Every structure is written in structure tokens, then in C-alpha cells.
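Down below is the structure, laid out as C-alpha cells.
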Amino acid sequence: MAKLTLRAESSCLFPPTTSSQSQPSSFVSSFRRRRLLCFPPKHKLEFRVFCSIKEKESIKETKRLNGVPVDKVQRAGSGSEGDSGLESGSGEVGFDWDWPPWKNIPRRYKLIGTTSLAFVICNMDKVNLSIAIIPMSHQLGWSSSEAGLVQSSFFWGYALSQLPGGWLAKIFGGRKVLEIGVLTWSLATALVPLVAGFTPGLVVSRILVGIGEGVSPSAATDLIARSIPLEERSRAVAFVFGGLSVGSVAGLLLAPPLIQNLGWESVFYIFSLLGIGWYVGFQFLEGQASWVGESIPRSQSTDMKKTWSTKELGDSLKDVPWKEFFRNQAVWAMIYAHFCGSWGHYTCLAWLPTYFSEELNLNLTEAAWVSILPPLASIFVTSIASQFADNLISSGVQTTTVRKICQTIAFLSPAACMTLSSLDLGLPHWEVVGILTGGLALSSFALSGLYCTHQDMSPEYASILLGITNTVGAVPGIIGVALTGYLLDSTHSWSISLFIPSIFFYLTGTVIWLVFASSKPQTFSKTD
């Protein structure tokens, strides 16, 4: 008997078929005429070519496949003359073929990888306006204040969607919420060029982008809290949220050539298609879940098949211990730390390309290339910080101590570098770029500090806690980005408008974090 074995998720048998003309010399043509019969998953895929009727009859009596006698299976498609052409010779050929390639990857890694890719696209759609705003301002005649207003409108939607996103992630699972969020912000991104000449419409489109992206951090936090053990959590958070830095790099790299060759409108259309492509691909992978044969434990599943009524949703919202959250000093420390970190991050994300363009007299492409350096360096720093934090925890250092160390590095490093950049020390422009790059890159230690603390305190309410802190953390995007433009028009000083406010919040945030932060698990039990 010649036997071909494939490792797959179903067992299939190729029984002999009736052939009016036997052709012993044509193995291929005989093999192709055999009919495929498939059985339940979790077995090898076996291609059997019987070389003699005697051998086939011997196997019939002893072999059973998945509880079904082979002779019954073979009779379904066999004929009296089906094997006459294969009586001479015998042999066995075997090979293994794992498909699809990601079949054997652990479930939690698939979720983390998919989520990280969504975050890459997320920041591509966030930074595209910071580059496109330069030619848009020239074409539409915007002042710095108007440009700041347009850029800040994203954060209005971002702030509004944090708490709803955290609550929905807890109820329906982070995966479903993330999926809807990606589709929402991608479609809204495609609207930007269509309404650019109508400011209210442009503001609304960016608000919708903010709403779609605003639910993604809570969705990701829910996935990590449910799927990742404590000793792997820093790396998981770093990998997922590190996708934001990769997205910034990709967006800043792709936007300038697209704008110069196809116009600024092309950035929004093309980046939008990437998000829609992610959504379609995600649907395909979800549809293949049963085919690849990986079962997701019910207790860990992030998909809720249950249909919720309005009453049930309302009751679940009431069950959240809101009062206990706001009575906890550690929660307030997270809230203020998130606000402080976001002020420096969002103002720099929105205004650094303009700063480099005006302060260093760089053209659009050069300013974008220089703006890539901080997020590019952040990717490197993130990998170091996550390993550093997880190794400390594995070696027995208290989790709270590790989170405080990482967040302190994340705050003091950019504060020191912005101080050097804002002082008139006569430094060459490229040294200023290097200093800012180093400081902003080290702020990525926050991914192993603040951003892990929500899950440390309460895996059950991690998404809602992040929704609370991220709501407050979105306020700097609304106020800080617009205020920077206003101060720039008023003072014409980048130090006063961009750096000094960030330094203040970094320093005060460090003090509050060191005094009140904690990663001790909390029950947050409701009290009457």
C-alpha cells in the first residue's frame, strides 16, 4: 500500500473509484480519480492508495477511523474494478504539511499580534494629519490657531469614547470592540478630503476618527488582562502599544512622498484602505477559526455570542463599582499620571513636524524624516523596558516597585531633555533633535509602568480603569494641542508654547506617582 500522510485538521480518505479501463502505468491519473471523504477534525489527513485487493481487504477488518469502520467508508466510493490497475508493486511515501502557517502559534500570541497590527494602523491615521496639516494650512489659509483646532478635534471623540469603550470591552469582549473601532476610524479617515473645505464637517470627521481609535486601548487592555499571565504582561503591553510607535514611523515615512506625488488627499484615502483591509482580513481569520481547529476557552473568550437586552446592559453598567474606583488613591495617581504623560506625548506628536519645519527650516520630507526619530527610537526602548520590567518581577521584586521605577524613567527623561532644548545653550539644531529623540524615546518606559498598572490592579475591570484614565488622558489632546497653537501665535516661542507646559506636568506627575501609585490587586467590591 502506498500511503501519503498530511498533518491537517481533518481526516480524509481517498477510496478507490470504479474505472472501466485499468492503467497500471498511470499512478497520477488513477490517484486524481479518487474521491475525497472528510471526517471530523483533530486527525491526520491520509491519502491511501491500495496496491492490491488482498491488502485492502486485510485493512478493512482491523482499521477504524474516528469510530467509523474503514470498510464502510470505502464502500461509499469503491467499485469492483477500482484497484485492478494497482495490483503490481507496493511502497509507502509520506510527508507532513502544516497549514496554515500560524496554526500552531498559541492563541494569546495570535490575539496580541493582530491587536498590535491594528495599533500600527491606528497611529498611521493619527499622525497623517500632523504632516498633511502643513500643505492643508497653506492651501486653505489656516493660522496656527485654526490648525491647532482642527488637530485637537480628534481628541474630542477620543475622550468621549474612552469610558464607553472600556465598558463595552468588558461586556462584549475586547476583540469585538476593537474590530468595530478599526472599521469606524478607517471610514471616517476617508471622509477627511471630502469635507476639508467645510470646517464643521472636517471637525466632525476627525471626531469620528477619535471615537473609533478611542475604544482601542480599552479593547487591547481587556485582551491582555484576560489572556496574558503576569510574568508576560509587560512584554505583551509593550508589543501591542509599541505598535503605536511603529505606526508613527510608518505614517511619517509614507505621508510625505504620497503628498508630494499624489496630493495631501491621497494620505487619507490610502491609510483608510489599510484599516478596511485589516477589518476584512480579521473577518477572514475569524471565519477560519474552526477550520484551523483551535478552541478558545469559554472563560477566556473575548467574543460574546449572547444577545443583550437594554435592561441587562443597564444592570451591568450599574454593577461597575464606580464609587470604589474614585475612592482609591492609586486610581487617582493613574489618572493624573496619564494626564501628564499625554500632555507631553500629544503636543509633541501634533507639533514636532511643524517645529522641525519652522525652527530648522526643513522642507516637508525632511521634517517628516526627523519626526520619525523619536518613535523609531521608542521601538528600541520599548523592547528593553519590557524585558527589564518582566525580569525584575520574575526575580521577586515587588510589582509596585517595578512600575514606579519604569514610570519615573518615563517622566524624568523627557523633562530633562526638553529643559535642555528650551534653554538657549547655543546647541546646533541637530543636537537638539538628538536630545529630544532620546527623551521622548525613554518616555516609552510608561508602557511597563502606568499602562500595566490597570491590569495589575484588577484584570476584571482593567478595560474600564483604562477607559477612566484615558478619558482624562485625552484632555491634553483637546486643550494642550489647541493651546500650543494659541501660545505660538501669541508668543512666537516654542519653549513657552510647547516645552515648558510639558516639563511642568512631567515633574508633578513623577511626584504623585511615587507617592500614591500601587499595583496591589484590588477587589473594588461595591459597598452600600
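A few notes on this one:
- Ordering of 367-375, 111-119 by packing [mean C-beta count within 10 Å, highest first]: 367-375, 111-119
- Distance violations [Cα-Cα > 28 Å] among Lys176/Lys404; Lys126/Lys520; Lys126/Lys323; Lys323/Lys520: Lys176/Lys404; Lys126/Lys520; Lys126/Lys323
- For the range 102-240, the share of accessible area belonging to carbon and sulfur comes to 70 percent (1.4 Å probe, ligands and nucleic acids excluded).
- With θ taken as phi - 60° and the Karplus curve 6.51 cos²θ - 1.76 cosθ + 1.60 applied, the whole-hertz 3J(HN,Hα) list for the range 189-206 is 4, 5, 7, 3, x, 6, 10, 4, x, 10, 4, x, x, 5, 4, 5, 4, 6 Hz, x standing for glycine and proline.
- Each residue of the range 329-338 is assigned a 3J(HN,Hα), and the resulting list reads 5, 5, 5, 5, 5, 5, 4, 5, 4, 5 Hz, derived from the Karplus form 6.51 cos²θ - 1.76 cosθ + 1.60 (θ = phi - 60°), x at Gly and Pro.
- Portion, in percent, of the accessible area of the range 394-528 that falls on carbon or sulfur, probe 1.4 Å: 67 percent
- Charged-residue dipole, Cβ positions (Lys, Arg, Asp, Glu), the range 376-510 about Cα centre, Debye nearest 20: 160 debye
- Protection proxy ranking for 379-391, 123-135, using the average of other Cβ atoms within 10 Å per residue and placing the highest first: 123-135, 379-391.
- The H on the amide N of Val397, modeled in the peptide plane, is under 5 Å from the matching H of no residue at least 5 residues off or on a different chain.
- Extension gain, Phe326-Trp369: 0.36 nm per intervening residue step, less the Cα-Cα distance, totals 11.2 nm.
- Shape class for the range 431-510: oblate, because the ratio a/c of the largest to smallest gyration tensor axis (alpha-carbon atoms, square roots of eigenvalues) is 1.5 or more and b/c is at least a/b.
- With 0.36 nm allotted per residue and the present C-alpha distance subtracted, the Leu230-His429 stretch has 67.3 nm of extension available.
- Legend: residues Ser143, Ser463, sorted from most to least accessible area (1.4 Å probe; ligands, DNA and RNA excluded), read Ser143, Ser463.
- Summed side-chain charge close to Thr400 - residues other than Thr400 whose Cβ falls under 10 Å, Lys, Arg +1, Asp, Glu -1: +2
- Label separation (Ser143 vs Gln260): 3.2 nm, computed from points 7 Å beyond Cα along the C-beta direction.
- Heavy-atom SASA rank of Phe504, Phe339, Phe241 (probe 1.4 Å, accessible area, largest first): Phe504, Phe339, Phe241
The values are calculated or read from the model by the stated rules, or taken from the named source; none is laboratory data. Quick caveat, the model's predicted, so the values are computed rather than measured. Quick reminder, even Gly has a Cβ in these numbers, built from the backbone with ideal geometry, and neighbours come from all protein chains shown. Ligands, DNA and RNA are stripped out before the accessible areas are found, and what is left, the full protein with its side chains, is counted by its heavy atoms. Shrake-Rupley method; radii C 1.70, N 1.55, O 1.52, S 1.80 Å.
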